[in-house]
Amino acid sequence: MMKSVYYDKHHFELEVVEEMTIAEGEVLIQMKACGLCGTDIHKAVDKTVDPPITLGHEIAGKIIEVGEGVTDYSVGDRVFVAHHVPCFTCVNCQRGHYSLCPQFKQTNVDPGGFSELIRVPALHVKHTMGQLPDALTYEQGAMVEPLACCLHGFDQIKIHPGDNVFIMGAGQIGGIQTQLANHYLANKVIVSDVNPYRLNKAQALGASDTIKADEQNVVDAIYQITKSRGADIVIISAGVPSLLEQAIQCVARGGTILVFAPFPKQTTPISAYRFFEDEISIVGAYSSNPYNYTAAIEMLKKEIISVEKMVTHRFPLSQVNDAIELAHDPASKAFKIMITPTK
């Protein structure tokens, strides 16, 4: 059994997984598919994590061993698992902000998703692991966590049927959000990006209109498409600070902006007058809410989210660096990339 270990930018090593012993309440799974997330790319390219580390957290696999006391799962079960678990009792959890819980980021699977063998701690077995229905593939299972993240974001914006939704960024997350906006009965689903391939993907996934952000005046295009109203919901799904001010210019009176991408820790000037004069709102959403996993499974079962249309590339563990370089290339024809066990 092998794992891909990150040491530095462009430097991953394929290493043997150390022998693992599971404790009470834990399980051992064999990874079958692990999605490459934008945060994995950010961590590897910008070196925001301390090496050596095994990245990856959009995990689906098969249980090969169960620990003492595990009664809800058996060897051979097909499962998905997410990487962080809140405590459910702190003040943040009590207010429904599970991803802000102090315990949340302190929990993780061992060693990470880009490994053929993964130890799932007892907390994860109890709260963030679930059975994959027979109808779902492992790749669909690997989409449970990112879909749950998007559902957590949609919980913050309270979309109404007939709303015009503007998604800034046509990457893999923007693709999920495009499908969700249509599911929630949006009128127009408008997507902007600079990559023509991704804009074509957005259309295939249900975007009613697309904007080539480096060639068109985005604000003018939004008001033209929405007949001078603006977008009721604007979702920022690309980590570009200047998009926040652009979003404020595009949002309709009484509308909401969802910040769904990490920005650098710097000051970003915005047109603050609109908060009072137009009653606009800006909200953020980080990671997933454990209570969104069931909804994610049902949406995947009903093909509300089409994984088949999203996955464009598959790389074995031995080529994680190649996968990241392809995904990071702004001109590439890559959308959703899956990491599979090493051949």
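Could you figure out which of (1) out of contact with any helix residue (DSSP H, G or I) (no Cβ under 7 Å at 6 or more places or on another chain); (2) over 21 Å from ALA148 (Cα atoms) isn't true of GLN94?
(2)
I want to confirm something. Restricting to the stretch 159-178 and keeping residues that are within 18 Å of the chain's Cα centre (by Cα) and among the β-branched types (Val, Ile, Thr), which single residue is surrounded by the most Cβ atoms within 10 Å (Cβ to Cβ)?
Going through the qualifying residues, I end up with ILE167.
I want to confirm something. Restricting to the stretch 184-204 and keeping residues that are touching a Lys or Arg at 6+ places or on another chain (Cβ under 9 Å) and either aromatic (Phe, Trp, Tyr) or assigned to a helix (DSSP H, G or I) (or both), which single residue is farthest from GLY169 (Cα to Cα)?
Checked the stretch 184-204; the qualifying residue farthest from GLY169 (Cα to Cα) is ALA204.
Taking GLY76 and the conditions (1) surrounded by fewer than 22 Cβ atoms within 10 Å (Cβ to Cβ); (2) farther than 22 Å from GLN140 by Cβ, which numbered condition does it fall short on, given that it satisfies the others?
Tallying (1) surrounded by fewer than 22 Cβ atoms within 10 Å (Cβ to Cβ); (2) farther than 22 Å from GLN140 by Cβ, GLY76 fails exactly one: (2).
What are the pairs with Cβ atoms under 7 angstrom where one residue, in the stretch 314-330, is over 15 Å from GLU139 (Cβ atoms) and the other, located anywhere, is of a type in the set (Ser, Thr, Tyr)? Sequence gap at least six, or different chains.
Taking only residues 6 or more apart or on different chains, the pairs are LEU317/SER4; LEU317/THR342; SER318/THR342; VAL320/SER4; LEU326/SER332.
Being within 29 Å of ILE235 (Cβ to Cβ) and in contact with a helix residue (DSSP H, G or I) (Cβ under 7 Å, 6 or more places away or on another chain) narrows it down to one residue among PRO102, PRO86, PRO161; which is it?
Exactly one of PRO102, PRO86, PRO161 is within 29 Å of ILE235 (Cβ to Cβ) and in contact with a helix residue (DSSP H, G or I) (Cβ under 7 Å, 6 or more places away or on another chain), namely PRO86.
Is there any pair with a first residue in the stretch 1-27 that is touching a residue at least 12 places away in the same chain (Cβ under 8 Å) and loosely packed, with under 13 Cβ neighbours inside 10 Å and a second that is acidic (Asp, Glu) and not in a loop (DSSP other than H, G, I, E, B) whose Cβ atoms are under 7 Å apart and which are 6 or more apart or on different chains, and what are they?
TYR7/GLU13
Just give me the residues in the stretch 259-277 being free of Cβ contacts under 8 Å to residues at least 40 places away in the same chain and not hydrophobic (A, V, I, L, M, F, W, C), in sequence order.
PRO264, LYS265, GLN266, THR267, THR268, PRO269, SER271, TYR273, ARG274, GLU277
Only one of THR268, THR294 is part of a helix (DSSP H, G or I), farther than 26 Å from LEU199 by Cα and either of a type in the set (Val, Ile, Thr) or touching a Ser or Thr at 6+ places or on another chain (Cβ under 6 Å) (or both). Can you tell me which?
Going through THR268, THR294 in turn, just one is part of a helix (DSSP H, G or I), farther than 26 Å from LEU199 by Cα and either of a type in the set (Val, Ile, Thr) or touching a Ser or Thr at 6+ places or on another chain (Cβ under 6 Å) (or both): THR294.
Kindly evaluate ALA247 against the criterion of being under 30 Å from MET1 (Cα atoms) and either of a type in the set (Gly, Ala, Ser) or in the same structural domain as ASN217 (by TED's automatic domain parsing) (or both).
Spelling it out, it is not the case that ALA247 is under 30 Å from MET1 (Cα atoms) and either of a type in the set (Gly, Ala, Ser) or in the same structural domain as ASN217 (by TED's automatic domain parsing) (or both).
Against the condition surrounded by fewer than 22 Cβ atoms within 10 Å (Cβ to Cβ), touching a helix residue (DSSP H, G or I) at 6+ places or on another chain (Cβ under 9 Å) and not β-branched (Val, Ile, Thr), how does LYS188 come out, does it pass?
Against the criterion (surrounded by fewer than 22 Cβ atoms within 10 Å (Cβ to Cβ), touching a helix residue (DSSP H, G or I) at 6+ places or on another chain (Cβ under 9 Å) and not β-branched (Val, Ile, Thr)), LYS188 qualifies.
Go through ALA221, ALA207, ALA181 for me and flag whichever is part of a helix (DSSP H, G or I), free of Cβ contacts under 8 Å to residues at least 60 places away in the same chain and surrounded by 24 or more Cβ atoms within 10 Å (Cβ to Cβ).
ALA181
Taking the condition among the basic types (Lys, Arg), in the same structural domain as PHE260 (by TED's automatic domain parsing) and more than 11 Å from ALA170 (Cα to Cα), does ARG229 pass?
So ARG229 passes the test.
Looking at the structure I just gave you, is ASP214 modelled with pLDDT of 95 or more, charged (D, E, K, R) and out of contact with any Asp or Glu (no Cβ under 7 Å at 6 or more places or on another chain)?
Yes, satisfied.
What is the number of the single condition among (1) within 30 Å of LEU14 (Cβ to Cβ); (2) assigned to a loop (DSSP other than H, G, I, E, B); (3) not acidic (Asp, Glu) that LYS227 does not meet?
Result: LYS227 passes all but (1).
Does GLU303 count as without any contact (Cβ under 8 Å) to a residue 40 or more places away in the chain, within 27 Å of MET129 (Cα to Cα), outside any helix (DSSP H, G or I) and not β-branched (Val, Ile, Thr)?
Against the criterion (without any contact (Cβ under 8 Å) to a residue 40 or more places away in the chain, within 27 Å of MET129 (Cα to Cα), outside any helix (DSSP H, G or I) and not β-branched (Val, Ile, Thr)), GLU303 qualifies.
Tally the residues that are on the phi < 0 side of the Ramachandran plot and touching a Phe, Trp or Tyr at 6+ places or on another chain (Cβ under 7 Å), restricting the search to the stretch 203-232.
Summing the residues that are on the phi < 0 side of the Ramachandran plot and touching a Phe, Trp or Tyr at 6+ places or on another chain (Cβ under 7 Å) in the stretch 203-232 gives 2.
The values are calculated or read from the model by the stated rules, or taken from the named source; none is laboratory data. It should be emphasised that the depicted structure is a prediction, and the values quoted were computed from it without experimental measurement. Cβ coordinates were reconstructed from backbone atoms using ideal geometry, including for glycine residues, and neighbour counts include every protein chain displayed.
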